[in-house]
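Here is the structure we will look at, set down as structure tokens.
The values are calculated or read from the model by the stated rules, or taken from the named source; none is laboratory data. Note that this is a predicted model, so its numbers are computed, not measured. Please note: Cβ atoms are built from the backbone with ideal geometry, for glycine as well, and neighbour counts cover all protein chains shown. Please note that ligands, DNA and RNA were not included when accessible areas were found on the heavy atoms of the full protein model with its side chains. Shrake-Rupley method; radii C 1.70, N 1.55, O 1.52, S 1.80 Å.
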Amino acid sequence: MERNLLWWQKGIVYQIYPRSFQDSDRDGIGDLAGILRRLNYVADLGVDAIWLSPVYPSPMADFGYDVADYVDIHPIFGTMADFERLLDEIHRRGLKLIIDLVPNHSSSEHAWFKESRSSRDNSKRDWYIWRDPAPDGGPPNNWLSFFGGPAWTQDEATGQYYLHQFVKEQPELNFRHPEVLPAMLDIMRFWMDKGVDGFRIDVIWLMAKDEALRDEPANANWDGVNPHESLLHIHTQNLPEVHGLIRAMRQVIDEYDERVMIGEIYLPNEQLATYYGEDGDECHLPFNFQLIDVEWDAQVVGQAIEAYEACLPQGAWPNWVLGNHDRPRVSTRAGADQARVAKMLLLTLRGTPTIYYGDEIGMENVDVPPEYVQDPPAVLQPEIAHAIGRDPVRTPMQWDASQYAGFTTAADGPWLPLADDYETVNVAKEREDPHSMLAMVRLLVHLRRAEPALHGGSYTAVTSNVDEVLAYVRRHAAGDSFLIVLNFGDENQELDLNAIEGLATIVLSTNMDRAGRVDLASLYLLGNEGLILRLSG
């Protein structure tokens with residue numbers, strides 16, 4: 001806790017979904033030049049690193065997560081020269097760049113897969129997972145796609161089925177073949193040689209599959225909504241062999257100075273913790289998505305924090321995520337009144353926080369009409385599009401109150417519809433309002449950066465006399481300690497926290513209207529209010 005921290009431990013990650021951040025060439029789709037145009041905004045937020053969702057060449061069957069070339073840039077986003085210029089400008093501002101790596105599957109348009117499917121005896125045939133049909137001519141087993149239907153598609157030319165756990169245009173690479181992992185490691189070196197500071201690795205816990213392709217058992221607790229959850233995915237997820245693949249990736253990361261490897265993993269705490277590695281030799285940060293999935297209740301959230309902390313291996317660094325390109329936005333999930341409380345929680349917990357673009361201004365899910373839906377799982381399963389569709393969280397960044405929110409000047413508008421509230425919820429308006437969500441987030445970020453207790457200190461839960469309130473203390477030997485008090489309810493509360501020794505002074509409130517010394521024996525807290533208090537002896 002008291003040791004010197006690396007940049008990815010001390011810092012804050014800001015995720016940009018490139019299609020939706022800023023359009024520079026009037027085609028309605030965001031691009032690298034657009035990100036460069038808005039780079040000062042990101043730097044001024046005070047964050048330390050940008051995580052960029054995929055910008056590789058792609059047929060866009062899954063909007064970039066179907067990669068057709070791992071070492072180039074899609075013309076929609078620009079050129080390699082544009083990428084290199086953006087990287088240089090990111091570094092010039094003292095920021096880091098983390099890019100997505102998608103090793104589990106490629107596009108069906110990738111040269112590797114084109115060779116693989118060309119014939120059964122092609123040298124790259126077994127770079128992907130091919131199997132003969134079942135005796136009835138159907139798929140080799142009962143495995144299901146996340147996006148609906150079987151996880152297998154038959155290739156008419158060769159008669160075999162290939163595996164894909166997402167859309168059929170995303171065939172899965174076979175990491176049991178001795179040449180596949182080295183090829184992926186070379187791709188990592190390619191980008192790090194350019195100066196990229198790390199990778200967020202997509203669905204890293206899916207990279208190994210049962211070699212015998214055994215059927216998966218039924219899920220007795222399935223709620224009947226998402227068909228993918230009707231099975232227990234014991235043969236396609238979290239296999240022991242995946243850890244060897246991750247260790248090999250980490251070894252490549254460690255060939256370079258201060259690079260970071262973040263793994264996308266949706267697993268319970270005990271299993272998630274194993275992805276740090278037995279000796280800290282796997283992911284630096286296995287993504288912790290509990291704040292996205294947990295019931296928004298003070299007691300439930302407090303218990304989730306304690307459970308996560310208790311599962312961390314010795315020396316492992318925690319991390320927290322409040323939103324991303326796959327899950328509902330926090331302002332929709334927890335409600336607009338609680339969104340400020342959620343931001344204060346994210347930016348005062350122990351560990352590395354990730355902010356999803358637009359969350360800092362309070363963007364909400366956008367109701368996308370059926371005729372505009374583009375997300376593959378929602379297109380393929382329209383009957384449950386409302387539950388699984390990701391378009392609502394990927395809408396254009398709301399920069400100002402001009403047409404199309406300052407995102408694009410395209411005649412036909414942006415690639416996804418804008419929120420109805422963009423004229424009031426936007427960067428330009430919130431910059432002018434000292435009490436806005438953006439103003440609060442900027443103060444939170446800068447306070448976190450300035451105070452050792454908030455970016456590197458310990459976490460200690462504090463018992464409150466009110467169930468709707470979550471309270472905890474952050475301490476560090478090198479600076480002051482802080483008490484964070486968060487009201488998850490809409491009723492005003494009076495707290496008795498006199499068990500905490502010392503004086504307390506309000507540093508920041510979510511309403512940005514309180515300051516000064518307070519009595520912890522009778523601390524008054526408004527509904528939907530959070531406070532950061534400096535403790536002194």
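The table that follows gives values for the structure above.
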read-out: Criterion: hydrophobic (A, V, I, L, M, F, W, C), in contact with a helix residue (DSSP H, G or I) (Cβ under 8 Å, 6 or more places away or on another chain) and surrounded by 14 or more Cβ atoms within 10 Å (Cβ to Cβ) - qualifying residue of 73, 98; value: 73
read-out: Matching residues in the stretch 153-171 - criterion: being within 32 Å of the chain's Cα centre (by Cα) and surrounded by fewer than 21 Cβ atoms within 10 Å (Cβ to Cβ); value: 153, 168
read-out: Residue 186 being in a helix (DSSP H, G or I) and either free of Cβ contacts under 8 Å to residues at least 60 places away in the same chain or within 23 Å of the chain's Cα centre (by Cα) (or both); value: yes
read-out: Failed item in (1) touching a Pro at 6+ places or on another chain (Cβ under 9 Å); (2) over 25 Å from residue 380 (Cα atoms), with residue 131 passing the rest; value: (2)
read-out: Filter result for residue 260 (out of contact with any His (no Cβ under 7 Å at 6 or more places or on another chain), β-branched (Val, Ile, Thr) and within 27 Å of residue 322 (Cα to Cα)); value: no
read-out: Strands (runs of 3 or more DSSP E) (entirely within the stretch 78-182) containing at least 3 residues that are at pLDDT below 95, on the phi > 0 side of the Ramachandran plot and basic (Lys, Arg); value: none
read-out: Filtered residue count, the stretch 293-336, keeping only those that are of a type in the set (A, V, I, L, M, F, W, C), without any contact (Cβ under 8 Å) to a residue 40 or more places away in the chain and assigned to a loop (DSSP other than H, G, I, E, B); value: 4
read-out: Enumeration of residues in the stretch 445-458 that are closer than 13 Å to residue 482 by Cα and in contact with a Leu (Cβ under 8 Å, 6 or more places away or on another chain); value: 447, 448, 454, 455, 456
read-out: Hey, residue 105 of a type outside the set (Lys, Arg), open to solvent by 10 Å² or more (accessible area, probe 1.4 Å) and in contact with a strand residue (DSSP E or B) (Cβ under 9 Å, 6 or more places away or on another chain) or not; value: no
read-out: Residue within the stretch 337-345 that is in a loop (DSSP other than H, G, I, E, B) and touching a residue at least 24 places away in the same chain (Cβ under 8 Å) present; value: no
